[in-house]
Amino acid sequence: MDPTPAILILTPILLPIILKIGIEPVHFGIVMILNLMIGLNTPPVGMCLYTAAHVSKTSVENVIKESLPFFIPILLVLLLIILFPNIVLFLPDIIMGN
């Protein structure tokens, strides 16, 4: 699913649940956006893969092969953000004075 419709459809459904559980909405938003970004760069739907292949005039398989080393750090960042929400909430907490 394209990220924009996913955000527009899923956010109003999931936000009340997230608030009841006690998860910070900013943290939820960052995790959701990062997950959607990973979805854009992974097969089978990965629209960014097809765009990169078209721009570089190469096959999608070559683009996937070249982008594979970047998925490990992206997944590690996602895991860190999920496990340690203060990484994401550090700056908003300073700005909002919490």
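Looking at Asn62, is it part of a helix (DSSP H, G or I), at pLDDT 90 or above, polar (S, T, N, Q) and within 12 Å of the chain's Cα centre (by Cα)?
No, not satisfied.
Can you go through Gly46, Gly97 and tell me which one is more than 14 Å from the chain's Cα centre (by Cα) and of a type outside the set (Asp, Glu)?
Within the list Gly46, Gly97, the selection yields Gly97.
If a residue has to be assigned to a helix (DSSP H, G or I) and among the hydroxyl-bearing types (Ser, Thr, Tyr) to count, how many in region 32-59 make the cut?
Of the residues in that region, 3 qualify.
Mind listing just one residue for me: the one in region 1-26 that is modelled with pLDDT under 90 and surrounded by fewer than 14 Cβ atoms within 10 Å (Cβ to Cβ) and, of those, farthest from Gly46 (Cα to Cα)?
Thr4
Name, by its number, the condition in (1) more than 19 Å from the chain's Cα centre (by Cα); (2) under 23 Å from Thr11 (Cα atoms) that does not hold for Leu80.
Answer for Leu80: the failing condition is (1).
Hey, among the residues in region 44-98 that are surrounded by 11 or more Cβ atoms within 10 Å (Cβ to Cβ), among the hydroxyl-bearing types (Ser, Thr, Tyr) and in contact with a helix residue (DSSP H, G or I) (Cβ under 8 Å, 6 or more places away or on another chain), which one's nearest to Met1 (Cα to Cα)?
Step by step, filter region 44-98, then rank; the result is Tyr50.
The values are calculated or read from the model by the stated rules, or taken from the named source; none is laboratory data. Being a predicted model, the structure only gives us computed values, none of them experimental. Cβ atoms come from the backbone with ideal geometry, glycine included; neighbour counts cover every protein chain shown.
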